[in-house]
Amino acid sequence: MILILRSDATSEQVDHVVKHVESLGFAAHLSKGTHRTIVGIIGEEDEARNAPLKAIPGVADVVPVMPPYKLASRDAHPQDSIVEVGDCKIGGGHLGMIAGPCSVEEPERMDRIAESVRKSGANIFRGGAFKPRTSPYAFQGLGEDGLKILRDSGQKYGMPVVTEVTDPRNVELIVKYADMLQIGARNMQNFVLLTEVGKTNKPVLLKRGMSATVNDLLMSAEYILSQGNSQVVLCERGVKGFDNATRNLYDLASVALVKTLSHLPIMVDPSHATGRPELIPPCALAGVAVGADGVHIEVHDCPEVAKSDGPQALLPDQYHDLMEQLRGVAQAVNKKIACPQVTDSATIESNI
Ligand code: PEP
Ligand code: MN
């Protein structure tokens, strides 16, 4: 931590800053420049961060040297982390391909969608059983019945499943059915929920809040990691912009940035980012091109009857075509789609 003193700081104030820093148990390294004096604080940065140093008279600014997310930081772990969801690896050159409807619906439909996305190359099946809806009158999800349907369709077609957990009281229940727990954008800073999923041994898909900075996202990951759960996958799903031509603003620069700041895998979700099916394929390709470790897409076989997010769903054929194109981009950036047998229909048939 470095303290930058005001240009008009008096020598009494400079002495006081040094004494105060030392009284907190740190060593102080004073450096007088031509225009400004700075004080380097030597000691545990976390402890220094918690002290109200900017309130010391004569201090103009406090500049941290280390990022506040010490477990999520690449400094702490220079190699890419690989998160395993069932047999599927995400990160370190492996692409996770999550696909499925927004909400879990009836079993026959879930089977149809699971079969189609699996044949196209998806390696994780998704669907929400507890939905975080803006309106309390909107469809809220099938609850535990939905979890069973999701798990059964995933098992039939050989895919682990991811589903959203919206309430710390449901973590225990959802852990029984899901292979990966999703924290949605609206709950990215629900710290009680983050702490609860951090106590489980399930991989977590942590979506960026719609008004969250990259720093906020990494600090939320830190909540999970600090509980002992190292299996965190981040997800860029768009942030609020000023233009409602797209549902959200797809922040691809943040994906490239996160790859430099953190060892954690980061996926992209062009479905929620754009909200428009015709924009999803190009934005998915761009996501992998900038370094994303996977793509999260909503797919529905009949979007006009979908219980939620129908207008942004890709049809199974559109998803199939996208996956063909994604294989080309994956090859260009030297990554592989994680499940070895994804297009092996014999394996799929043997599970049915
Ligand atoms: C979802 O995945 O269906 C969802 C609600 O996503 P988000 O939290 O990103 O809005
Ligand atoms: Mn959705």
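The values are calculated or read from the model by the stated rules, or taken from the named source; none is laboratory data. Only a predicted model underlies this, so the values are computations on that prediction, with no experimental measurement involved. FYI the Cβ positions are ideal-geometry reconstructions off the backbone, even for glycines, and counts take in every protein chain you see.
Residues in the range 74-99 that are buried (at least 16 other Cβ atoms within 10 Å of the Cβ) and under 30 Å from Thr37 (Cα atoms): there are none. Picking from residues in the range 275-302 that are assigned to a helix (DSSP H, G or I) and either within 12 Å of ligand 2 (Cβ to nearest atom) or free of Cβ contacts under 8 Å to residues at least 12 places away in the same chain (or both), the one that is surrounded by the fewest Cβ atoms within 10 Å (Cβ to Cβ) is Glu278. Of the residues making up the range 136-146, not a single one is within 16 Å of ligand 2 (Cβ to nearest atom), under 30 Å from Lys259 (Cβ atoms) and assigned by TED's automatic domain parsing to the domain that holds Ala338.
Each row is one residue, and each column tells you yes or no for (1) within 28 Å of Arg109 (Cα to Cα); (2) in contact with a Lys or Arg (Cβ under 9 Å, 6 or more places away or on another chain).
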residue: Thr166; (1), (2): yes, yes
residue: Asp179; (1), (2): yes, yes
residue: Lys202; (1), (2): yes, no
residue: Ala221; (1), (2): no, no
residue: Gly228; (1), (2): no, yes
residue: Leu234; (1), (2): no, yes
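Take the range 303-313 and flag every residue that is surrounded by fewer than 24 Cβ atoms within 10 Å (Cβ to Cβ) and within 15 Å of ligand 1 (Cβ to nearest atom). Within the range 303-313, Pro303, Ala306, Lys307, Ser308, Asp309, Gly310, Pro311, Gln312 qualify. Of all the residues in the range 7-59, those that are in a helix (DSSP H, G or I) and in contact with a strand residue (DSSP E or B) (Cβ under 7 Å, 6 or more places away or on another chain) number 8. Report yes if Thr274 is closer than 29 Å to Met159 by Cα, touching a Ser or Thr at 6+ places or on another chain (Cβ under 7 Å) and assigned by TED's automatic domain parsing to the domain that holds Gly93, otherwise no. Considered against the rule, which asks whether it is closer than 29 Å to Met159 by Cα, touching a Ser or Thr at 6+ places or on another chain (Cβ under 7 Å) and assigned by TED's automatic domain parsing to the domain that holds Gly93, Thr274 comes out as yes. Being away from ligand 1 (no atom under 15 Å from the Cβ) and not in a helix (DSSP H, G or I) is the filter here, so list the residues in the range 255-274 that pass it. Once the filter is applied, which keeps residues that are away from ligand 1 (no atom under 15 Å from the Cβ) and not in a helix (DSSP H, G or I), the range 255-274 yields Ser262, His263, Leu264, Pro265.
The single condition from (1) away from ligand 1 (no atom under 14 Å from the Cβ); (2) crowded, with 22+ Cβ neighbours inside 10 Å; (3) part of a loop (DSSP other than H, G, I, E, B) that Leu147 fails is (3).
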